[in-house]
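See below for the structure under consideration.
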Amino acid sequence: MFQDEARFGRLDRCRYCWATFPLRPTVKAMLIHQSVYAYGAVSIPQGSFDSLVLPHVNGSGMALFLAEISERYPHDNIVMVLDGAGWHKNKTLPIPDNIRLLSVPSYSPELNPVEHLWDELREKHVHNRAFDSLDALENQRVDALRSLENNCEQVQSICN
């Protein structure tokens, strides 16, 4: 499985979008910076995607995510491919018995297929949307992640 984390927030940056000529699209912008974080892991051969939304990315969140993956796949031996984030290298990180960690080279996000899933989620579910609250953003994110978890063919298509 390949694993990564991503930040999704209520940011003030608008993105380009298409509109028919001569119309100019109107997009709301926010003047607040709040974020939620998604942990995700994908198994490309099966097309399975597992995710967890948490308020922070750190060692305790990573431990919680690894424990969740271990519970979801109790009879599998998993090699989890990670990037070089500091909390991945924490010596006190509890690693479940059925998971082994393997790091990709530093500064090489193109080697992690989960990055493509984050791009898809940002493009289809977050860009140019103003959320009334952090809870509204989190609910949107959970719904989008759940739809990917339930669509193995789409996950394989995006990650391959």
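The values are calculated or read from the model by the stated rules, or taken from the named source; none is laboratory data. Every value quoted in this text rests on a predicted model; they were computed, and no experiment measured them. Every residue, glycine as well, gets a Cβ built from its backbone with ideal geometry; the counts of neighbours run over all protein chains shown. We work out accessible area using only protein heavy atoms, side chains counted, and drop any ligands, DNA or RNA first. Shrake-Rupley method; radii C 1.70, N 1.55, O 1.52, S 1.80 Å.
Computed values, structure above
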item	result
Residue among Lys91, Lys124 that is within 17 Å of the chain's Cα centre (by Cα) and without any contact (Cβ under 8 Å) to a residue 24 or more places away in the chain	Lys124
Residue selected from region 94-120 under the condition among the polar types (S, T, N, Q) and under 17 Å from the mean Cα position of the chain (by Cα), by the criterion nearest to Val53 (Cα to Cα)	Asn112
Pairs, first closer than 15 Å to Ala6 by Cβ in region 138-151, second at pLDDT below 85 and hydrophobic (A, V, I, L, M, F, W, C), C-beta under 8 Å, six or more apart	Glu138/Val36; Gln140/Val126; Gln140/Phe131; Arg141/Phe8; Arg141/Val36; Arg141/Val126
Whichever residue in region 58-82 is open to solvent by 40 Å² or more (accessible area, probe 1.4 Å) and within 20 Å of Phe8 (Cα to Cα) and, among such residues, is modelled with the highest pLDDT	Leu64
Residues located in region 96-126, provided they are within 16 Å of Met1 (Cβ to Cβ), assigned to a loop (DSSP other than H, G, I, E, B) and open to solvent by 80 Å² or more (accessible area, probe 1.4 Å)	Asp97
